[in-house]
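Worksheet: one structure, shown below.
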Amino acid sequence: MITDVYVSRSRVMRSLRAGPLGEHIHLYVAQLQQGGYSLETGHRRLSIIRDFGFWLGATGAGIADIDEATVTQYLAERSRHRPQFGGDARALARLLSILREANAIAHRAVPPRDPHEDICEAYSRYMARQRGLAPSSIASHVWFLRPFLQELGITANADLGRLSGREVSLYVERHAADGGATTARIMCSRLRVFLRYLHAEGFITADLTAAIPSIRRPGEARLPSFLPIEDVQRILDGCDRSTSAGRRNYAILMLLARLGLRAGEVAKLSLDDIDWHAGQFTVRGKGRKIATMPLPHDVGAAIAAYLQHGRPRSDSRRLFLLAVAPYSGFKGAPGIQTVARSAIKRTGIPGPGRRGSHIFRHSLATDLLRSGATLTEIGQLLRHEQQDTTRIYAKVDLDSLRPLGQPWLGGEQ
């Protein structure tokens, strides 16, 4: 960590204080110390700022001339003479932010407003107010909406009235193959919701949802991938619990494998969600649904080991933190997915199928089914809203289904 001794004795700091950024460099150092950055990382970031200050002096530029264009120019020239690191741009971006907070440089110019923004904002408010969707779900709807509006040239509410079923149908035909079948189905679903909104709010006179075709996946594609319980245990045993990151990853994987939590649910867990006395914890699931789940002893022990011997000091109340400074919580499901994929890859388990965190959920359900649990019990554990979702796992348990088959009366062929 950046210590006061380093700040007082470092040659890099002496150069910075004497340079054009010297008046404000203490603000940057304070943020590094508060974020818990290691000495190596802090030294690297301060060094890049020192070099940037030298470059400013050589070009005759002053502190008031610093902006994103100046930083981009410097990094481009620097890359011609020495290797560039990913943290270099982030270090200078943080410098810009600090200088703007200190009113030392001009604030960033406001980018021109997206002509579709009014439509997207109104739609977002409707989704939050009428449908009660979470911000992440609303962002997914808007993500599919923007290219639709742009390609059809819709920039204002007045343009919505000229939408036709043919335009909508042709748009879907052009973009159904942009991704996989799942992406195409989601796109169609999102556009149907938007068209219903337009009709309900009176922007269009006819319901155009019939213009969007149904995109179905083969029945076999719906079979969830799963791992045998022996492979799941190998993945858990592969975590190096002698390190802080290993203890964190082991606790994450235990929640995925033993309780079937979704990646986003694990990322959102906070310290306040765990009731150690009652042996239970709170899960914030899909659709803003909140559930209380029991905390098994082995899962609780893994979490406690991380909290006592792995979790860095931080003001964040998130249960699981990033292993590098600044020590903040995971932003969402992708970080947990990365932990799961890395653990599976490290074990070297072969086979097709998606190798993300959801495979642990599928594996748990399949193992419970083979152990004699009913679909109702599995659905309650996984917090499925519809029994049809849980019924998918019955297709995987072919060994149990095979004896139920009746011989064909026509004899052998």
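The values are calculated or read from the model by the stated rules, or taken from the named source; none is laboratory data. Worth saying up front: this structure is predicted, and the values here are computed from it rather than measured. Glycine also receives a Cβ, built like all others from the backbone with ideal geometry; neighbour counts cover every protein chain displayed.
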Of the conditions (1) in a helix (DSSP H, G or I); (2) closer than 30 Å to Ser314 by Cβ, the single one that Leu21 does not satisfy is (1)
Is there a residue being over 22 Å from the mean Cα position of the chain (by Cα) and either touching a residue at least 40 places away in the same chain (Cβ under 8 Å) or part of a helix (DSSP H, G or I) (or both) anywhere in region 175-183?
-> yes
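For region 97-119, indicate whether the set of residues that are in a helix (DSSP H, G or I), within 29 Å of Ala30 (Cα to Cα) and under 25 Å from the mean Cα position of the chain (by Cα) is non-empty.
Among the residues of region 97-119, at least one is in a helix (DSSP H, G or I), within 29 Å of Ala30 (Cα to Cα) and under 25 Å from the mean Cα position of the chain (by Cα), which makes the answer yes.
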Tell me, which residue of region 333-346 that is buried (at least 16 other Cβ atoms within 10 Å of the Cβ) and not hydrophobic (A, V, I, L, M, F, W, C) is farthest from Leu261 (Cα to Cα)?
-> Gly335
Show the residue pairs that are 6+ apart or on different chains and have beta-carbon atoms under 7 Å apart, the first residue being within region 260-285 and among the aromatic types (Phe, Trp, Tyr), the second being assigned to a helix (DSSP H, G or I) and surrounded by fewer than 22 Cβ atoms within 10 Å (Cβ to Cβ).
-> Phe281/Asp273
Pick from region 226-264 the residues that are among the charged types (D, E, K, R) and in contact with a helix residue (DSSP H, G or I) (Cβ under 8 Å, 6 or more places away or on another chain): which of them is surrounded by the fewest Cβ atoms within 10 Å (Cβ to Cβ)?
-> Asp240
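Quick check on my filter: what residues within region 55-70 are assigned to a helix (DSSP H, G or I), among the hydrophobic types (A, V, I, L, M, F, W, C) and under 16 Å from Gly22 (Cβ atoms)?
Correct list: Trp55, Leu56, Ile63, Ala64.
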So is Pro83 in contact with a Leu (Cβ under 7 Å, 6 or more places away or on another chain), of a type outside the set (S, T, N, Q), at pLDDT below 90 and not in a helix (DSSP H, G or I) or not?
-> no
Looking at Gly264, is it out of contact with any strand residue (DSSP E or B) (no Cβ under 7 Å at 6 or more places or on another chain), part of a helix (DSSP H, G or I) and modelled with pLDDT under 95?
-> yes
Residue in region 207-225 that is modelled with pLDDT under 90, assigned to a loop (DSSP other than H, G, I, E, B), crowded, with 17+ Cβ neighbours inside 10 Å and not assigned by TED's automatic domain parsing to the domain that holds Ile154 present = yes
